[in-house]
Every structure is written in structure tokens, then in C-alpha cells.
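Worksheet for the structure shown next.
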Amino acid sequence: MTISAILKDIDNYIHENVDDFIHELARLCGQPSVSATGMGIHECAHLVNDMLAAHGYNSEIIRTKGNPVVFGRQNGHSDKTLLFYLHYDVQPPEPMDAWESPPFELSRRGENLYARGVVDDKGHIVARLAGLAAVRHVMGDLPCNVKFVIEGEEELGSPNISPFIEDNKEKLSADACIWEFGGVNHEGSPTLSLGMRGILYVELIAKTASIDAHSGLGGSIFPNAAWRLVWALQSIKDLDERINIAGFYDNVRLPSKRDLEILANLPDDGAQLREMYGLDHFLHGLKGGTELKKAAVFEPSCTICGFGSGYQGPGSKTVIPAEARAKVDFRLVPDQDPDEILKKLRQHLDSTGFDDIEIQYNGGTRPARTDPDHPFVQLTIDAANKVYRRDTVVAPIIGGSGPNYPFIHSLKLPVVSAGVGYPGGNIHAPNEHLRINDFVQGIRHTAYIVEAFSRTD
Ligand SMILES: [Zn+2]
């Protein structure tokens with residue numbers, strides 16, 4: 001069979017079986033799996049394990065210190081191995097009354113499918129299985145080896161995935177990896193991404209007294225926790241946005257010429273962002289274009305995500321707060337390391353007179369990205385161009401974070417994100433939905449990638 005005949009048969013199989021794929025997705029979405037509360041997690045791991053087995057994979061549930069990982073594998077004709085990273089856990093459905101149909105029941109309205117996790121990430125799990133089923137049907141068997149890592153703590157920041165990978169390096173060995181998210185952008189162009197920023201999330205805590213006090217009594221003679229924390233925060237970042245932690249920028253790798261070329265080809269969404277968020281300006285006087293795109297993903301940041309202290313109800317209360325807390329995240333770029341930044345933050349506070357400020361570590365992941373010139377990147381782009389018949393948009397790195405570091409640096413895999421979402425899909429929000437056409441295209445893309453990958457040497 002010629003390649004184009006194979007692809008045509010793959011397309012036919014997918015179109016004829018869409019209802020079955022939707023049925024499978026309904027089954028998976030019908031099983032809650034909220035990692036934040038633990039609701040349905042173990043039942044869902046078993047369901048995913050059963051689904052992999054029903055598709056002919058050797059599947060097992062592997063324990064971790066947290067929620068279990070479902071691991072599946074099947075050998076194929078070539079000795080190349082493609083690994084799929086996915087997650088079966090979902091975000092909490094709340095607020096419940098904002099849903100137009102029950103979140104754990106797949107509901108079809110028009111050409112959209114609604115449910116918690118229907119895109120993130122159960123739609124991706126089923127799209128991979130469906131794409132592979134199409135390839136198997138047409139080619140008689142899998143043309144390459146396939147492995148699945150489907151974890152249950154992605155929505156918690158994947159706290160146990162690094163040790164899982166270190167413990168199972170042999171088992172997980174592969175040649176390339178398809179990541180769990182992606183889809184089309186506002187214009188309908190397929191969008192692939194090659195990396196993610198890292199993150200360090202901390203809570204900074206000032207405690208100045210055992211109880212709140214009357215401000216008339218102590219305002220002139222008692223320390224104030226809210227002021228302590230405000231001053232400490234101010235020491236971290238200048239008015240010009242420069243982060244003042246000694247050594248913070250030491251390991252920042254500047255984008256290459258090639259990165260800037262790729263950024264220049266990305267759509268300019270500056271005007272859209274300003275409109276959508278009602279901004280009257282961007283930081284640093286940025287207006288748009290490549291400079292804005294570069295700053296958005298290649299600059300590390302320090303964000304105050306929340307601040308709480310003292311009285312916040314209506315009217316006045318004259319009080320000195322005994323405690324103040326701020327939630328702060330640092331988005332990190334290659335080659336910054338969250339553990340190292342945490343140490344430097346401690347040193348910074350100690351050396352600037354804020355050794356009384358407590359740091360509570362809430363989590364961290366390292367930044368990582370795949371070389372845009374890796375042949376696997378071109379393979380996924382070519383496959384997307386064929387499926388979507390539009391130029392594929394490639395992001396060298398995105399601003400968000402995820403656990404791709406151990407896949408790229410420990411398993412040494414090129415990792416490309418490709419998926420079934422679109423920007424209006426309400427991921428993490430009420431009425432999360434998948435457009436059936438995006439689902440079908442994501443299934444086709446998965447199948448085309450597998451077919452092309454099996455021909456690489
Ligand atoms: Zn998510």
C-alpha cells in the first residue's frame with residue numbers, strides 16, 4: 001500500500017467509528033477523578049487500565065507515593081518506540097450551578113461534547129487510543145512500539161512523576177514523546193508546543209505578634225505583620241520589574257536566533273489580549289510583535305498571586321494584624337532551577353533584613369524544552385499540515401508549566417504537545433467542552449504521527 005492509500009484508509013476508519021470513540025469518551029468522563037479531593041481516583045485508574053487492555057495493550061497500575069500511574073505498552077513492527085504522556089485526573093467541577101449539564105455525564109449539544117475532563121485530559125486519552133486503533137486496523141498491527149504513561153496527579157502539579165520516572169527508566173525507554181495538550185488556535189490553525197516554563201510556588205508569611213492588637217494601643221510601638229510583608233515583597237522586585245534576588249538571572253539562557261525566527265512566525269495576539277483583559281498597557285512599554293512574544297515566555301517572572309492580612313470586611317476596623325501571608329509564584333525559564341531559586345530567595349530575605357519572613361514551599365517544576373530542529377518536531381508538523389490543511393503554528397516554549405523536564409532530560413526524549421482543544425473550550429472551568437471536529441482532527445493527527453514515526457530510521 002502506498003502511504004497516501006494508508007492515510008486514506010485511516011481517515012475512513014476514523015470517520016466510520018466516531019460514534020464508538022465518543023461512546024468511549026462518555027464512559028471515561030462518566031467516572032469522576034478529581035485529584036484535589038481524591039474523588040473517584042482509584043476507580044478511574046482501573047477504568048483506564050481496563051480500556052488500555054481492551055485495546056490490546058499490556059497494561060498495569062503502578063503505585064507511587066501519591067495517585068497511581070497507569071502504564072501500557074505494546075510492541076509493533078519497527079523497533080522505534082513512541083511514548084504518550086497523559087493524565088486521568090481532572091480539576092474539581094465547582095461551581096456546580098454554573099454547569100448547564102452534570103459535569104460527570106457526557107452531554108452532546110450540537111457539535112460540542114460537554115463534561116469535566118472532556119478535553120483535559122480524557123479527550124486526549126481517547127484520541128490517542130482511537131488514532132492507534134485506526135492505524136492498527138489499516139496496517140494489520142502497530143507499526144512501531146507504543147507506551148503510555150497516564151498519571152493521576154497532573155492537576156496537582158505532578159509531585160510524584162519525577163521519582164516515578166527515575167524508578168522506571170528502563171521500562172519507559174522510548175525514542176520520542178507526544179504530550180497531552182494542544183489543538184487549534186483562534187484562527188483554526190493547529191498549534192504545537194515544544195516546551196514549558198518551570199515554576200516555584202511559595203507562600204511568604206510574616207508573624208509579628210501572637211494576636212491582633214488595637215492600632216491605638218500599638219500602632220506606634222508594635223511591629224505590623226502586613227507592613228513587614230509588604231516591605232519584604234518590595235525588596236524582591238523593583239518598580240521596573242527587575243527581580244532583585246542575587247543570582248536570580250544567573251542561569252537564564254537567552255532565546256537563540258532560531259527561537260526568535262519561530263516567535264516571529266507566531267500570530268501577534270497583543271491587541272486581542274489587551275481587549276480580552278481590559279489592559280491599557282503591557283509591562284516594559286511593550287506594544288506587541290516579537291518583543292512581546294519573547295518577553296511572555298522567555299523572561300522569568302515573580303507574581304504575587306494572593307495577599308491576605310488584617311481586617312477585610314466592610315467599614316473600618318482599627319487593628320494591627322499579627323500575621324500576613326502572600327502567595328507568590330516564580331515562572332522560570334531554561335536553565336533556572338526551582339530548588340536553587342528557593343535557596344536564593346531565602347538568602348535574599350536573610351541578607352536584606354527579612355530573616356523573620358517564613359517561606360512555605362508549595363511546589364516546583366523545572367523548565368524544559370525540545371530543540372526545534374529535532375527531526376521529530378518536523379515529523380509532527382508535517383503530519384499536522386496534512387491533517388489540518390493549514391500552516392502549523394509552533395511555540396518554542398509556552399508560559400505555563402508542566403512535568404516535561406524528566407521526559408526531556410532523564411528519558412532524553414524529544415517532546416511535542418499536540419491535541420484536541422481550542423481556546424474557547426473552558427478547560428478547568430464550568431461547561432468544559434470539546435468540539436467533535438477538533439476531536440476527529442486530533443485522532444487523525446495522532447494516527448498520522450504514528451504512521452510517519454514508524455518509517456523513521
Ligand atoms: Zn488541566
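The values are calculated or read from the model by the stated rules, or taken from the named source; none is laboratory data. As the structure is a computational prediction, the values presented were derived from the model and not from experiment. Cβ sites come from the backbone with ideal geometry, for glycine too, and all protein chains shown count toward neighbours.
Of the residues making up region 368-384, those that are surrounded by 15 or more Cβ atoms within 10 Å (Cβ to Cβ) and not aliphatic (A, V, I, L, M) are Arg369, Thr370, Asp371, Pro372, His374, Phe376, Thr380.
The residues in region 105-131 that are surrounded by fewer than 24 Cβ atoms within 10 Å (Cβ to Cβ) and either among the hydroxyl-bearing types (Ser, Thr, Tyr) or within 16 Å of the ligand (Cβ to nearest atom) (or both) can be counted, and the count is 2. Count of region 428-457 residues, restricted to those that are buried (at least 19 other Cβ atoms within 10 Å of the Cβ) and over 26 Å from Leu142 (Cβ atoms), is 3.
For Gly157, indicate whether it is modelled with pLDDT under 95, closer than 21 Å to Ile397 by Cβ, out of contact with any Cys (no Cβ under 7 Å at 6 or more places or on another chain) and within 16 Å of the ligand (Cβ to nearest atom). Spell out how you get there, then give the answer.
Details: modelled with pLDDT under 95: yes; closer than 21 Å to Ile397 by Cβ: yes; out of contact with any Cys (no Cβ under 7 Å at 6 or more places or on another chain): yes; within 16 Å of the ligand (Cβ to nearest atom): yes.
Judged against the criteria, Gly157 is a match.
When we screen Ile381, Ile359 for residues that are in contact (Cβ under 8 Å) with a residue 40 or more places away in the chain, more than 16 Å from the ligand (Cβ to nearest atom) and in a helix (DSSP H, G or I), the only hit is Ile381.
Filter region 25-39 for residues that are in contact (Cβ under 8 Å) with a residue 40 or more places away in the chain and part of a loop (DSSP other than H, G, I, E, B) and give the result. Scanning region 25-39 gives Gly30, Gln31, Pro32, Ser33, Ser35, Ala36, Thr37. Among the residues of region 48-91, the ones that are within 16 Å of the ligand (Cβ to nearest atom) and in a strand (DSSP E or B) come to 4 in all. Going by what's in this entry, would Ala45 be described as assigned by TED's automatic domain parsing to the domain that holds Asp438, more than 16 Å from the ligand (Cβ to nearest atom) and farther than 19 Å from Thr446 by Cα? Criteria met by Ala45.
Quick one: in region 268-302, which of the residues that are of a type in the set (A, V, I, L, M) and part of a helix (DSSP H, G or I) is surrounded by the most Cβ atoms within 10 Å (Cβ to Cβ)? It would help to see each step written out before you state the result.
The initial filter retains those residues of region 268-302 that are of a type in the set (A, V, I, L, M), namely 271, 273, 276, 279, 283, 286, 292, 295-297.
Imposing the further condition that a residue be part of a helix (DSSP H, G or I) reduces the set to 271, 273, 276, 283, 292, 295-297.
Working: Ala271: 10, Leu273: 14, Met276: 9, Leu283: 12, Leu292: 18, Ala295: 15, Ala296: 20, Val297: 23.
That would be Val297.
Residues in region 227-251 that are aliphatic (A, V, I, L, M), buried (at least 19 other Cβ atoms within 10 Å of the Cβ) and part of a helix (DSSP H, G or I): Leu229, Ala232, Leu233, Ile236.
Selection of region 137-169 for residues being among the aliphatic types (A, V, I, L, M) and assigned to a loop (DSSP other than H, G, I, E, B) yields only Leu142.
With respect to (1) touching a helix residue (DSSP H, G or I) at 6+ places or on another chain (Cβ under 8 Å); (2) under 27 Å from Lys386 (Cβ atoms), the lone exception for Ile165 is condition (2). Out of all the residues in region 315-356, which are among the charged types (D, E, K, R), under 21 Å from the mean Cα position of the chain (by Cα) and assigned to a strand (DSSP E or B)? Across region 315-356, the qualifying residues are Lys327, Asp329, Arg331. When region 92-136 is filtered for residues that are closer than 19 Å to Gly182 by Cα and part of a loop (DSSP other than H, G, I, E, B), the ones remaining, listed by number, are Ala115, Arg116, Gly117, Val118, Val119, Asp120, Asp121. Residues that are within 16 Å of the ligand (Cβ to nearest atom), within 23 Å of Leu434 (Cα to Cα) and part of a strand (DSSP E or B) within region 172-201 comprise Trp179, Gly183, Ser193, listed in sequence order.
Residue check: is Gly419 modelled with pLDDT of 95 or more, part of a loop (DSSP other than H, G, I, E, B) and buried (at least 19 other Cβ atoms within 10 Å of the Cβ)?
Numbers: modelled with pLDDT of 95 or more: yes; part of a loop (DSSP other than H, G, I, E, B): yes; buried (at least 19 other Cβ atoms within 10 Å of the Cβ): yes.
The answer is yes for Gly419.
Scan region 310-352 for residues that are among the hydroxyl-bearing types (Ser, Thr, Tyr) and within 17 Å of Ser235 (Cβ to Cβ) and jot them down. Residues satisfying the conditions are Ser351, Thr352.
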